[in-house]
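The values are calculated or read from the model by the stated rules, or taken from the named source; none is laboratory data. All values reported here derive from a predicted model rather than from experimental measurement. With ideal geometry, Cβ positions are generated from the backbone for all residues, glycine too; neighbour counts draw on all protein chains shown.
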Amino acid sequence: MMEKDVTILAIESSCDETAAAVVRNGREVLSNTIYSQIDLHTLYGGVVPEIASRKHIEKINQVIKKSLSEAGVTLKDIDAIAVTYGPGLVGALLVGVAEAKAISFAAGIPLVGVHHIEGHISANYIEHPDLKPPFMCLVASGGHSHLVLVKDYGEYEIIARTRDDAAGEAFDKVARAIGLGYPGGPKIDKISKEGNPDAIPFPRGKVEGSEYDFSFSGLKSAVLNYLNGCRMKGEEFSQADVAASFQAAVVDVLVTHSLHAVKEYGIKTFAIAGGVASNSHLREAFEKACKEEGIEFVHPSPVLCTDNAAMIGSAGYYEFIKGYRSGTDLNAVPNLQIGEKQGVFLAK
């Protein structure tokens, strides 16, 4: 660790949130400003990439100025700029990357490119000051379902991943199918509290030859087949029961596979991250399962589960103190893999 305080200005624009934050020493959040486009994209039933990119351009300067102001700092107080450069929507990523490079060049501040998923994992450091690697982390969001072994700060091994749909993607598709609309995750979480999770025996997806990987396409198809069957027979179905039964199937798979991996790898601490990590039923299920197994369970608050810049500032801090930097050739990498570095180098 560095002896002096390190203050990071972080920028996140990988999907439909325009965000900026000021983070000190990777754990202390001085400000965390988020402009969400959910209301705008709800009109279209999902994120429209072109609209998201245009809105980022419109809002990014405002968000950064507000974050600096709320933190009570200026660019002269900033030691590095951290920015998400992948994975995500390429147009949306480009807005944040271009902004970060411009500020870095104009103000002479070092630039650090950050992996979006590594940012989600690092959100746990913010609310759990004593958390240190190694630990296992489930990253579940609209585009990702990864089980990651965090060996050290910035050092990761993917233990499992989804073979088809991500958990959050399945939530959105099922929510749309039963008439709840977008965004699906929070709406299914809410209505499922009124339903019976045992009402419909939806399947638990397994991947042949891989005991840890996830699969949700079969579950999604089972839900759609059930709904189509009801409509063809002219039978009514309960939105709450379908939502609760679907959610129970997703949570069962995530918890079972994750805890199996945690025990097999001998890990004592388990974390969750990503948008789906804010699901109340998932949190309760992991809380119970980890307690029964004597495993420490940590998670970020909901605001740090969804896309935000504070988590990018935390991940960026650990990259920065290790000596990683990015140049003006940093580019958006929409399919960037965990642990992969493009346009990021070790400073001499």
Of all residues in segment 236-253 being in contact with a helix residue (DSSP H, G or I) (Cβ under 8 Å, 6 or more places away or on another chain) and not in a helix (DSSP H, G or I), the one that is nearest to Pro186 (Cα to Cα): Phe237
Residue match in segment 185-194 (condition: crowded, with 23+ Cβ neighbours inside 10 Å, touching a Ser or Thr at 6+ places or on another chain (Cβ under 8 Å), under 17 Å from Pro87 (Cβ atoms) and modelled with pLDDT under 95): no
Checking Pro110 against (1) assigned by TED's automatic domain parsing to the domain that holds Gln62; (2) under 21 Å from Asp307 (Cα atoms), the condition it does not meet: (2)
Given (1) crowded, with 17+ Cβ neighbours inside 10 Å; (2) within 26 Å of Val148 (Cα to Cα), index of the condition Pro197 fails: (2)
Some residue of segment 215-233 being outside any helix (DSSP H, G or I) and either closer than 30 Å to Ile158 by Cα or at pLDDT 95 or above (or both): yes
Strands (runs of 3 or more DSSP E) within segment 15-100 that include 2 or more residues of a type in the set (Ser, Thr, Tyr): 28-36, 80-86
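This table checks each residue for (1) surrounded by 24 or more Cβ atoms within 10 Å (Cβ to Cβ); (2) in contact with a strand residue (DSSP E or B) (Cβ under 8 Å, 6 or more places away or on another chain); (3) hydroxyl-bearing (Ser, Thr, Tyr).
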residue	(1), (2), (3)
Lys268	no, yes, no
Ala273	yes, yes, no
His281	no, no, no
Glu293	no, no, no
Glu296	no, yes, no
His299	no, yes, no
Asp307	yes, yes, no
